[in-house]
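The values are calculated or read from the model by the stated rules, or taken from the named source; none is laboratory data. Bear in mind the structure is a predicted one, so any value in this text is a computation, not a measurement. No Cβ is skipped: glycine too gets one built from the backbone with ideal geometry, and neighbour counts run over all protein chains shown.
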Amino acid sequence: MKYTFDIQRTATPRVKPNPDKLLFGRAFSDHMFIMDYETGKGWHDGKIVPYGPLSLDPAAAVFHYGQEMFEGMKAYRTKDGRVLLFRPYMNAERARKSNERMCMPDFEPDLFVDAVRTLVDVERDWIPEKPGTSLYIRPFMIADDPFLGVHVASHYLFIVICSPVGAYYNTPGGGLAPTSIYVEDEYVRAAAGGVGFAKVGGNYGASLKAQTRANSMGCEQVLWLDAVEHSYVEEIGTSNAFFVIDDEVITAPLAGTILPGVTRDSVIALLKKWGITISERRLRIGDITEAAKQGRLKEAFASGTAAVISPVGKLVFKDKELSVGDGGVGKLAQQLYETLYGIQTGDAADDMGWTIEV
Ligand SMILES: *Cc1c(COP(=O)(O)O)cnc(C)c1O
């Protein structure tokens, strides 16, 4: 490691949650990483401290104008007790792109990764062991200048917190389960020139309305369409979307409105390695419904850190229900899930060189 940080250990460790009843993002570990930035001084005072509330001025810029960014990644425990991170430098590089778009200070990728590694090392005991569980890691940055003018702040905090999380699927054995997806043709997630490619809070606050509608339609997630024609498929909720039509796998190109997922990149790399046709190209929802009617829509799935791979069983579009494949878990989704999850947890050979041991 290039950076070392001061570690202040808690005197009052918490009781760890029941590993059989872990939810997503509800319980937090004993410590957090926190580092200050000030214009002229740069990043300084990075340290591990006991987890706890922040004290911020009510006028802090982040509360009013949303100058912030976040990341999401996981640490996994292997069967032989090692701790692995999955492609953390990709998260670091993505964070830098979010920072750049939000006029927030840059940092070296090593600073980001070493902060995460140091915290995960301190929180080793918080990484649950049961299959499907992991330690979710949430790095984020906020502008905390106490000033109500709309401006580029001169003081920031970079913080990392950890949350032990359970298996994403509630199925017996934790296997994949098909989801229902609502095709949202009114509200949009991102427009070209905006912040769709950046992991910034505003994107998610603005998505709740559509998410609420999808839920009221009996669906788990939204399929977002492009902001101009409301026709091209973009993402599924907070994950990247893949469609398998005939023998081609199709996902939206990274043209500014799509969040460049680490899982997306890994799926593309695996498909290429397996000799499967994968196209990063625009795809109309009309072409998907047409393919479904002709029995050519074999699979659809979403990719992201939380679920890794989430198969789509059904699409709801303009009050019509459309079955994807046979409505179950697709072959490719299953194979991708097993391979990625295997690499992440050290069960499968990491011949792509994707994991880093803590
Ligand atoms: C975080 C996120 C993803 C998935 O990215 P991963 O790095 O694979 O977790 C996809 N889309 C959106 C909108 C996201 O916020």
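Show the residue pairs meeting these rules: Cβ distance below 6 Å; 6+ apart or different chains; first residue within region 264-282 and under 21 Å from ILE236 (Cα atoms) and in a loop (DSSP other than H, G, I, E, B); second residue among the hydroxyl-bearing types (Ser, Thr, Tyr) and within 16 Å of the ligand (Cβ to nearest atom).
Correct list of pairs: ARG282/TYR232.
What number of residues in region 262-277 are surrounded by fewer than 18 Cβ atoms within 10 Å (Cβ to Cβ) and either more than 16 Å from the ligand (Cβ to nearest atom) or small (Gly, Ala, Ser) (or both)?
Count: 7.
When only residues in region 79-91 that are away from the ligand (no atom under 13 Å from the Cβ) and crowded, with 16+ Cβ neighbours inside 10 Å count, which is farthest from GLY201 (Cα to Cα)?
VAL83
Somewhere in region 111-129, is a residue farther than 27 Å from ALA11 by Cβ, within 15 Å of the ligand (Cβ to nearest atom) and within 20 Å of the chain's Cα centre (by Cα)?
Yes: region 111-129 contains one or more residues that are farther than 27 Å from ALA11 by Cβ, within 15 Å of the ligand (Cβ to nearest atom) and within 20 Å of the chain's Cα centre (by Cα).
Taking ILE288 and the conditions (1) within 20 Å of PRO311 (Cβ to Cβ); (2) out of contact with any Phe, Trp or Tyr (no Cβ under 7 Å at 6 or more places or on another chain); (3) away from the ligand (no atom under 16 Å from the Cβ), which numbered condition does it fall short on, given that it satisfies the others?
ILE288 satisfies all of (1) within 20 Å of PRO311 (Cβ to Cβ); (2) out of contact with any Phe, Trp or Tyr (no Cβ under 7 Å at 6 or more places or on another chain); (3) away from the ligand (no atom under 16 Å from the Cβ) except (2).
Closer than 17 Å to TYR37 by Cβ and either more than 14 Å from the chain's Cα centre (by Cα) or more than 14 Å from the ligand (Cβ to nearest atom) (or both): is that true of GLU108 in this structure?
yes
Got a sec? Which of LYS74, LYS21, LYS47 is over 30 Å from VAL152 (Cβ atoms) and in contact with a Phe, Trp or Tyr (Cβ under 7 Å, 6 or more places away or on another chain)? Don't jump to the end; show me each part of the working.
Numbers: LYS21 fails: in contact with a Phe, Trp or Tyr (Cβ under 7 Å, 6 or more places away or on another chain); LYS47 fails: over 30 Å from VAL152 (Cβ atoms).
Checking each option against the conditions leaves just LYS74.
Give, as residue ranges, the strands (runs of 3 or more DSSP E) completely inside region 60-175 that count at least 2 residues that are of a type outside the set (Val, Ile, Thr) and either modelled with pLDDT under 95 or closer than 30 Å to GLN334 by Cα (or both).
In region 60-175, the matching strands (runs of 3 or more DSSP E) lie at 73-77, 83-86, 134-143, 155-165.
Could you list, in sequence order, all residues of region 232-261 that are buried (at least 23 other Cβ atoms within 10 Å of the Cβ), more than 8 Å from the ligand (Cβ to nearest atom) and not in a strand (DSSP E or B)?
Across region 232-261, the qualifying residue is only THR257.
Go through region 312-358 and give me each residue that's among the small types (Gly, Ala, Ser) and under 19 Å from the mean Cα position of the chain (by Cα).
ALA333, GLY342 - these are the residues of region 312-358 that are among the small types (Gly, Ala, Ser) and under 19 Å from the mean Cα position of the chain (by Cα).
May I ask you to list the residues in region 6-40 that are part of a loop (DSSP other than H, G, I, E, B), at pLDDT below 95 and surrounded by 11 or more Cβ atoms within 10 Å (Cβ to Cβ)?
ARG14, LYS16, PRO17, LEU22, LEU23, PHE24, GLY25, ARG26, ALA27
Quick check on my filter: what residues within region 315-358 are of a type outside the set (Val, Ile, Thr), in a helix (DSSP H, G or I) and buried (at least 17 other Cβ atoms within 10 Å of the Cβ)?
Hits for region 315-358 are LEU332, ALA333, GLN334, LEU336, TYR337, LEU340, TYR341, GLN344.
Please give the number of the condition ILE309 fails out of (1) within 18 Å of the chain's Cα centre (by Cα); (2) more than 13 Å from PHE242 (Cβ to Cβ); (3) outside any loop (DSSP other than H, G, I, E, B).
(2)
Determine which member of the set GLU229, GLU186 is in contact with a His (Cβ under 8 Å, 6 or more places away or on another chain), part of a loop (DSSP other than H, G, I, E, B), farther than 30 Å from MET104 by Cβ and modelled with pLDDT of 95 or more.
Of the residues listed, the single one that is in contact with a His (Cβ under 8 Å, 6 or more places away or on another chain), part of a loop (DSSP other than H, G, I, E, B), farther than 30 Å from MET104 by Cβ and modelled with pLDDT of 95 or more is GLU186.
Report yes if THR263 is within 30 Å of ASP350 (Cα to Cα), of a type outside the set (A, V, I, L, M) and within 21 Å of the chain's Cα centre (by Cα), otherwise no.
yes
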